[in-house]
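Peer 1: Got a structure for you, questions after.
Rule-based calculations on the coordinates, nothing more; no lab input. Quantities reported herein were computed from a predicted structural model and do not represent experimental measurements. Cβ atoms come from the backbone with ideal geometry, glycine included; neighbour counts cover every protein chain shown.
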Amino acid sequence: MQVAETVAHARAFFDVLPRPLGYVPTMGALHAGHLALVRAARDECTSVAASLFVNPLQFGPNEDLAKYPRDPEGDREKLAAAGVDVLFAPDAAAMYPPGFSTFVDAGSIGARYEGAVRPEHFRGVTTVVTKLLHVVQPDVLYLGQKDAQQTAVLRRMVRDLDFPVRIAIVPTIRESDGLAMSSRNAYLSAEQRAAAPSLQKALVAIRDALADGATKTQALAIGRGALHPLAALDYLDVVDAATFEPVERPNSPAFIVGAARFGTTRLLDNLYVE
Ligand code: PAF
């Protein structure tokens, strides 16, 4: 695996990689969910690129940027073993040199749910992914369904701004008790870790209640009832898969989405409903 730390160096590598090129953007602290993205890219593309960059723009002032889990050496080993050809691992100065002042607005999809709780978050994601796509210029961008709203925001951005890239969504990888894999799971105490799978149980309970004919209000109440008392709920809802507008019933592709805090750790999850 070749590693580039500057934009110029990365471009020199990416320019000569055989196509199609699949690309997996990450913020590191890699787990089986990230490696599933690399595996999908490896299966479908001739060359595979990844990036490792903890993007300060997508963290709010009181969020966990400073303590976000970091394991650059371990991450490099995992990516090399998974078959990544080129890793782009810039530092913040390489991505945002002094005077940086241009941002990509995430639009209305980015204003709801995660965007309402974390107002600058999606602007940070769309800005960094724009830069990363310009550097890597992949044919296929691999994203995890775990961050369903992020995938909807980025699909919209790619369409609206005519990025010549296809987006491939890879299903969420879960622990054996149903907890969606996330780098932030590492923050959970043993007690919180035991309570955390109740977020997925709440989503499943909502899906089953809707399938049994419950109204959305009834289904969401059942979902809240399935949450562990340690969970401080931010939201549970049923949303259109493309627009993230709330819907009463999943009559077209939809997500049942949820976010809850376990202590100071915020976890997200979703279920796709066709
Ligand atoms: O999903 C993530 O890890 C990040 O939001 C991404 C897409 C790498 C942008 O920093």
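Peer 1: Pull up all non-local amide H partners of Arg166: gap of 5 or more, or a different chain, and H-to-H distance under 5 Å with H placed in the peptide plane.
Peer 2: Here Val140, Leu141 satisfy the definition.
Peer 1: Ok, one more. Between Val273 and residues 5 or more places away or on another chain, which pairs have amide H atoms under 5 Å apart, with H built 1.01 Å from N, and which residues are they?
Peer 2: Here Ala254, Phe255, Ile256 satisfy the definition.
Peer 1: Take Arg166 and Thr46, extend 7 Å from each Cα along the Cα→Cβ direction, and tell me the distance between the two endpoints in nm.
Peer 2: 1.5 nm
Peer 1: With θ set to phi - 60° and the Karplus curve 6.51 cos²θ - 1.76 cosθ + 1.60, what are the ³J(HN,Hα) couplings of segment 81-91 in order, to the nearest whole Hz, using x for Gly and Pro?
Peer 2: For segment 81-91, the Karplus curve yields 5, 7, x, 6, 7, 9, 10, 9, 10, x, 9 Hz.
Peer 1: Treat each spin label as a single point 7 Å out from the Cα along the C-beta direction, and report the Glu245 to Ala211 distance in nm.
Peer 2: For Glu245 paired with Ala211, the spin-label model returns 2.7 nm.
Peer 1: Could you tell me the calculated FRET efficiency between Thr102 and Glu77, based on Cβ-Cβ distance and R0 = 41 angstrom, to the nearest 0.05?
Peer 2: Details: r = 35 Å, r/R0 = 0.85.
For R0 = 41 Å, the calculated efficiency reads 0.75.
Peer 1: Continuing with this model, one more query. Go ahead and run the numbers for FRET between Ala93 and His31, Cβ-Cβ distance against an R0 of 25 Å, rounding to 0.05. Don't skip to the end; give the middle numbers.
Peer 2: Working: r = 28 Å, r/R0 = 1.10.
Calculated transfer efficiency: 0.35.
Peer 1: Additional query: What fraction of the DSSP beta bridges in the chain is antiparallel, stated in percent and rounded to the nearest 5? Please list the in-between numbers first.
Peer 2: Details: 20 of 39 bridges.
Among the beta bridges of the chain, antiparallel pairing accounts for roughly 50 percent.
Peer 1: I've got another one for you. Using 0.36 nm times the number of residues separating Asn62 and Arg159, minus their current alpha carbon distance, what extension gain do you get? Before the final figure, lay out the partial values.
Peer 2: Details: separation 97, 0.36 × 97 = 34.92 nm, distance 3.20 nm.
Contour length minus the Cα-Cα distance gives 31.7 nm.
Peer 1: If you plug each phi of segment 230-244 into the Karplus form 6.51 cos²θ - 1.76 cosθ + 1.60 with θ = phi - 60°, what whole-Hz ³J(HN,Hα) values come out, in order, with x for Gly and Pro?
Peer 2: Coupling constants for segment 230-244: 6, 7, 9, 6, 8, 6, 9, 6, 10, 9, 5, 5, 8, 9, 6 Hz.
Peer 1: Sorted from fewest to most neighbouring beta carbons within 10 Å, what does the list Glu5, Glu114 look like?
Peer 2: Final ranking by Cβ density, sparse to dense: Glu5, Glu114.
Peer 1: Please give me the summed charge of the neighbours of Val136: other residues whose Cβ is under 13 Å from its Cβ, Lys and Arg +1, Asp and Glu -1. Intermediate results must be reported in sequence, preceding the final value.
Peer 2: Values: positive: Arg11, Arg19, Lys131; negative: Asp15, Asp85, Asp139.
Here the charged neighbours net out to 0.
Peer 1: Would you look at the GNM of the chain, springs on alpha carbons closer than 10 Å, and say which of Asn55, Asn251, Asn185 moves the most?
Peer 2: Of the options given, Asn251 has the highest mean-square fluctuation.
Peer 1: Next question, about the same structure. Multiplying the sequence separation of Ala190 and Arg261 by 0.36 nm and subtracting their Cα-Cα distance, what value in nm do you get? If you can, show how the numbers build up before the last one.
Peer 2: Numbers: separation 71, 0.36 × 71 = 25.56 nm, distance 1.46 nm.
Once the chain is fully extended between Ala190 and Arg261, it gains 24.1 nm.
Peer 1: Please list log₁₀ I(q)/I(0) at q = 0.09, 0.10 Å⁻¹ for the chain, using the Debye equation with identical point scatterers on the alpha-carbon positions.
Peer 2: These q points yield log10 I(q)/I(0) values of -0.42, -0.52.
Peer 1: Using a Förster distance of 30 Å, how high is the FRET efficiency between Leu230 and Ala111, based on the Cβ-Cβ distance and rounded to 0.05?
Peer 2: 0.55
Peer 1: Just want to confirm a number: the relative contact order over segment 130-274, from Cα pairs under 8 angstrom separated by 6+ residues, in percent.
Peer 2: Working: 237 pairs, mean separation 30.1, N = 145.
It rounds to 21 percent for segment 130-274.
Peer 1: Using θ = phi - 60° and the Karplus curve 6.51 cos²θ - 1.76 cosθ + 1.60, what whole-Hz ³J(HN,Hα) does each residue of segment 205-210 get, with Gly and Pro shown as x?
Peer 2: Karplus-based 3J(HN,Hα) across segment 205-210 equals 4, 5, 4, 5, 5, 5 Hz.
Peer 1: Which value, in debye to the nearest 20, describes the size of the charge dipole of the chain about its Cα centre when Lys and Arg Cβ atoms bear +1, Asp and Glu Cβ atoms bear -1, and nothing else is charged?
Peer 2: Numbers: 27 positive and 31 negative charges, 30 e Å.
Around 140 debye, computed over the chain.
Peer 1: Between Arg174 and residues 5 or more places away or on another chain, which pairs have amide H atoms under 5 Å apart, with H built 1.01 Å from N, and which residues are they?
Peer 2: Met181
Peer 1: Calculate the spin-label point distance for His9 paired with Asp177, positioning each point 7 Å from the Cα along the beta-carbon direction, and give it in nanometres.
Peer 2: 4.2 nm
Peer 1: Roughly how far apart, in whole Å, are the Cα centres of segment 59-122 and segment 170-237?
Peer 2: Here the answer is 25 Å between Cα centres.
Peer 1: Could you give the length gained on full extension between Arg70 and Ala221, defined as 0.36 nm per residue of separation minus the Cα-Cα distance, in nm? Walk me through the numbers on the way to the answer.
Peer 2: Details: separation 151, 0.36 × 151 = 54.36 nm, distance 3.76 nm.
Contour length minus Cα-Cα distance gives 50.6 nm.
Peer 1: Roughly how big is segment 1-97's charge dipole about its Cα centre, with Cβ charges of +1 (Lys, Arg) and -1 (Asp, Glu), in debye to the nearest 20? The partial results should precede the final answer.
Peer 2: Values: 8 positive and 12 negative charges, 30 e Å.
So the magnitude is around 140 debye.
Peer 1: Sort 98-110, 81-93, 148-160 by the packing proxy (mean of other Cβ within 10 Å over each peptide's residues), most packed first.
Peer 2: 148-160, 81-93, 98-110
Peer 1: Please label the shape of segment 174-261 as rounded, prolate or oblate, based on the square roots a ≥ b ≥ c of the eigenvalues of the alpha-carbon gyration tensor (a/c under 1.5 means rounded; beyond that, a/b larger than b/c means prolate, else oblate).
Peer 2: Details: a/c = 2.21, a/b = 1.71, b/c = 1.29.
It comes out prolate by the Cα gyration axes.
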